[in-house]
1. Given points 7 Å out from each Cα along the Cα-Cβ axis, report the Ser146 to Glu322 separation in nanometres with one decimal.
2. Please compare each pair in Lys31/Lys55; Lys167/Lys272; Lys55/Lys137; Lys48/Lys137 to a cut-off of 18 Å on the Cα-Cα distance and tell me which ones are over it.
3. In which sequence would His195, His280 go, from the one with the fewest C-beta neighbours within 10 Å to the one with the most?
4. Excluding same-chain residues fewer than 8 positions from Lys326, which aspartates and glutamates have a Cα within less than 12 Å of its Cα?
5. By count of other Cβ within 10 Å, fewest leading, how are Thr153, Thr278, Thr58 ordered?
6. So between Ser337 and Glu230, what do we pick up on full extension, going 0.36 nm a residue minus the alpha carbon distance?
7. Please give the FRET efficiency for Arg181 paired with Ala213, using the beta carbon to beta carbon distance and R0 = 22 Å, rounded to the nearest 0.05.
8. When ranked by the protection proxy of mean other Cβ atoms within 10 Å per residue, highest first, what sequence do the peptides 298-307, 44-53, 158-167 form?
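Laboratory data are not the source of any read-out in this text; all were calculated from the coordinates shown. Remember, predicted model here, so these are calculated numbers, not experimental data. So basically every Cβ, Gly included, is an ideal-geometry build from the backbone, and we count neighbours across all protein chains shown.
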Amino acid sequence: MPPLRGPSSGVWSRLRPADVDPLEVYGLPSKGETRLSDFKTQERYYGKIVERYLKFCTDAKGRDGLHQRFTSLELTDDTAKPVPAWRAAAGSGPSSAPRENTSSAGGTVAVLPTPESTAALAEASHDLTMVLAALRKLREAIVATSRADDFATQVYLFCIRLAILAKHHQSYHPAILHLLRSIHRRRLLTSAELHEVVVYRVLDAACRRGDLAEAYHLRCLYKLRNTTVEKVLRALAQDDWVALQRLIGVGSGSGMGMGSSRGSCADGHQIKLLEYATHHMRVHTLKSFGRAYLRLEDVGFLEASTGLGWTELQKQYKVGWELEEKAVVIRKIQPRSAAPVATGTGKSK
């Protein structure tokens, strides 16, 4: 008997199978998705997420490329940042424009994007966005099923670390809260895991949200002892831009490390959180220069102190000072005009 032909035959169907991304197969459980309620399905979906992330890291071809890809996805906007509570008394600083690649000495690094590099960065940003979106679906499924085991802990730690590197606080902040408030109460984290997550929560409160009171409260609540956290809180409380800049500069040698840090240097994840505080600390430094100096003989001193070049300071922070060769004129002293002599005639007695 010849095989059936027509719509009833799957072999001879004219419709091509839809090319669906494995990470887009499932929807959000909060929108009615129920297929992720099965534990085995959650584990298989997590395997696909990790596979896509490893491909993302492999295509970066080195640490510098990986750092550039994460930087391209940073969804933070300094113009939309609220002024921290500990900074509100000093007044809000000028808004900043989108970041540019600058060297540590303050000079601009000229990077001419090519069509190939632009397309590669766009594709990498799309892949990382897909991974973050898939992790949100998986986290919602874990919450919906009230799962609190080793797998749930692993998923949340992976999500927190990845979202911090991408500076996507919409992902890591709720994940930290659920991990500490819900999962940790039913399945205790190890001492290293708890230490790492608490450090992230304290630094997020101090640097991103600018709430030093909450940061100190959390440090006492969890009995946290971490040298980096102590130095960061002290630097923010004292407006010590040099100390904060030293922490970020010394810790940058750690790269994109995935482990927790108990030493005196910040690791890659902690540096990403510290970067939230650099904007307002730099504004405070510029205001201090404006109050203390009339003229700086070397613009390099200003660039080294703020970590930005003169062009970036004018563009991002709207610095209205003038540059005369290498000298920076902050304020000009207006010559005083001679007081008019009174010419009135006096009355004789």
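1. Here the modelled spin labels are 7.2 nm apart.
2. Numbers: Lys31/Lys55 29 Å; Lys167/Lys272 7 Å; Lys55/Lys137 20 Å; Lys48/Lys137 13 Å.
Result: Lys31/Lys55; Lys55/Lys137 exceed 18 Å.
3. Details: His195 18, His280 23.
By the 10 Å Cβ count, ascending: His195, His280.
4. Hits, sequence-local ones excluded: Glu297, Asp298, Glu303.
5. Ascending Cβ contact count within 10 Å gives the list Thr58, Thr278, Thr153.
6. Numbers: separation 107, 0.36 × 107 = 38.52 nm, distance 5.35 nm.
Result: 33.2 nm gained on full extension.
7. Numbers: r = 20 Å, r/R0 = 0.90.
E between Arg181 and Ala213, to the nearest 0.05, is 0.65.
8. Working: 298-307: 18.1, 44-53: 16.1, 158-167: 22.7.
Ranking, from highest mean packing down: 158-167, 298-307, 44-53.
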